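The values are calculated or read from the model by the stated rules, or taken from the named source; none is laboratory data. Please read all numbers here as calculations on a predicted model, not as lab measurements. Every residue, glycine among them, receives a Cβ derived from its backbone with ideal geometry; neighbour counts consider all protein chains shown.
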Amino acid sequence: MSTPVIGVFALQGDVREHLTMLERSGARAVKVRRPTELDALDGIVVPGGESTTMDKLARAFDLFDPLRAALRDGLPAFGTCAGMIMLADRIEGGTADQETLGGLDVVVRRNAFGRQVDSFEADLDVEGLDEGFHAMFIRAPWVEKVGRDVRVVATVSSGAAMGRIVAVRQANLLATSFHPEITGDHRFHQLFVDQVRGAGTRAPR
Ligand SMILES: NC(=O)CC[C@H](N)C(=O)O
C-alpha cells in the first residue's frame with residue numbers, strides 16, 4: 001500500500017486535528033459522514049468528543065451498523081477518548097440507552113478520573129515508542145478490564161491514577177483514553193498509520 005487512505009469519523013468530535021496528524025504521518029486523511037464513504041478507507045479514526053452524542057448521530061446518519069460491520073471485517077480503527085468508549089465492548093457509567101460499536105474486549109469506565117480532575121496531563125511510557133509521550137486527558141475514560149487478546153500499550157505512571165490502563169491494542173483496533181491529536185506529537189498517529197500499512201489491502205466489501 002503506498003499512501004493509505006484514513007477516514008476520520010466526522011459527525012461529532014475534534015476532527016481537524018486528527019486530519020492534520022494523519023497527513024503528517026504519511027496518510028491521506030478524509031472526513032467520513034456517509035456510509036458509502038467507508039468503502040474507500042484503509043483505516044478510520046473515531047475521535048474524542050461525547051460518546052453519547054456520537055452514538056446517537058451515528059445511528060441517525062445510518063453510519064452505526066455499516067461502521068460496526070466494517071470493524072468486524074477488519075477495518076483498522078483508532079479510537080481516542082470518546083472514540084475509545086465507542087470501540088469498547090462494555091462500558092461503565094454510560095447512559096441507559098448508550099450503545100457502542102464494540103470490537104475491543106474491554107470494560108471502559110466513562111469520566112473515570114472524576115469530575116474534579118476534568119482534564120490533566122501526564123507523561124506516559126508507551127509500548128512501541130522509544131521516548132515517553134506527553135498525554136492530555138479531557139473527561140477521560142480508563143480501561144477497567146481487558147480480555148485475553150488485548151495488549152496494554154500504556155498505563156499512568158504516577159499520581160493517584162497510577163497503574164490505570166490508558167492505551168490498548170487488539171487485532172485491528174487501537175484506542176487511547178487521551179487526546180494524542182492535540183499535543184503536536186504525531187507518533188501515536190504514526191503507530192496507527194504503520195499498523196494500517198501492515199494490515200495491507202482488505203478485500204472489497
Ligand atoms: N474528551 C472526550 O472525548 C470525553 C469523553 C466523554 N466524557 C464521553 O463520555 O464521551
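What the table below lists for this structure:
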quantity	calculated
Qualifying residue in region 196-205 (condition: basic (Lys, Arg) and either exposed (fewer than 14 other Cβ atoms within 10 Å of the Cβ) or in contact with a His (Cβ under 7 Å, 6 or more places away or on another chain) (or both))	yes
Helices (runs of 4 or more DSSP H) lying entirely in region 31-103 (those with 2 or more residues that are within 14 Å of the ligand (Cβ to nearest atom) and in contact with a strand residue (DSSP E or B) (Cβ under 8 Å, 6 or more places away or on another chain))	51-60, 82-87
Every residue from region 122-143 that is farther than 12 Å from residue 104 by Cβ, part of a strand (DSSP E or B), within 16 Å of the ligand (Cβ to nearest atom) and under 17 Å from the mean Cα position of the chain (by Cα)	135, 136, 137, 138, 142
Positions within region 1-30 being more than 21 Å from residue 183 (Cβ to Cβ) and more than 16 Å from the ligand (Cβ to nearest atom), in sequence order	1, 2, 3, 4, 5, 7, 28, 30
Pick from region 180-195, criterion within 16 Å of the ligand (Cβ to nearest atom) and surrounded by fewer than 23 Cβ atoms within 10 Å (Cβ to Cβ), ranking: nearest to residue 132 (Cα to Cα)	183
When residues of region 104-121 are limited to those that are more than 16 Å from the chain's Cα centre (by Cα) and part of a loop (DSSP other than H, G, I, E, B), the one modelled with the lowest pLDDT	118
Subset tally (residues that are within 16 Å of the ligand (Cβ to nearest atom) and among the acidic types (Asp, Glu)) for region 144-161	1
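Per-residue answers, yes or no, for (1) crowded, with 16+ Cβ neighbours inside 10 Å; (2) over 14 Å from residue 78 (Cα atoms):
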position	(1), (2)
15	yes, no
34	no, yes
38	yes, yes
54	yes, yes
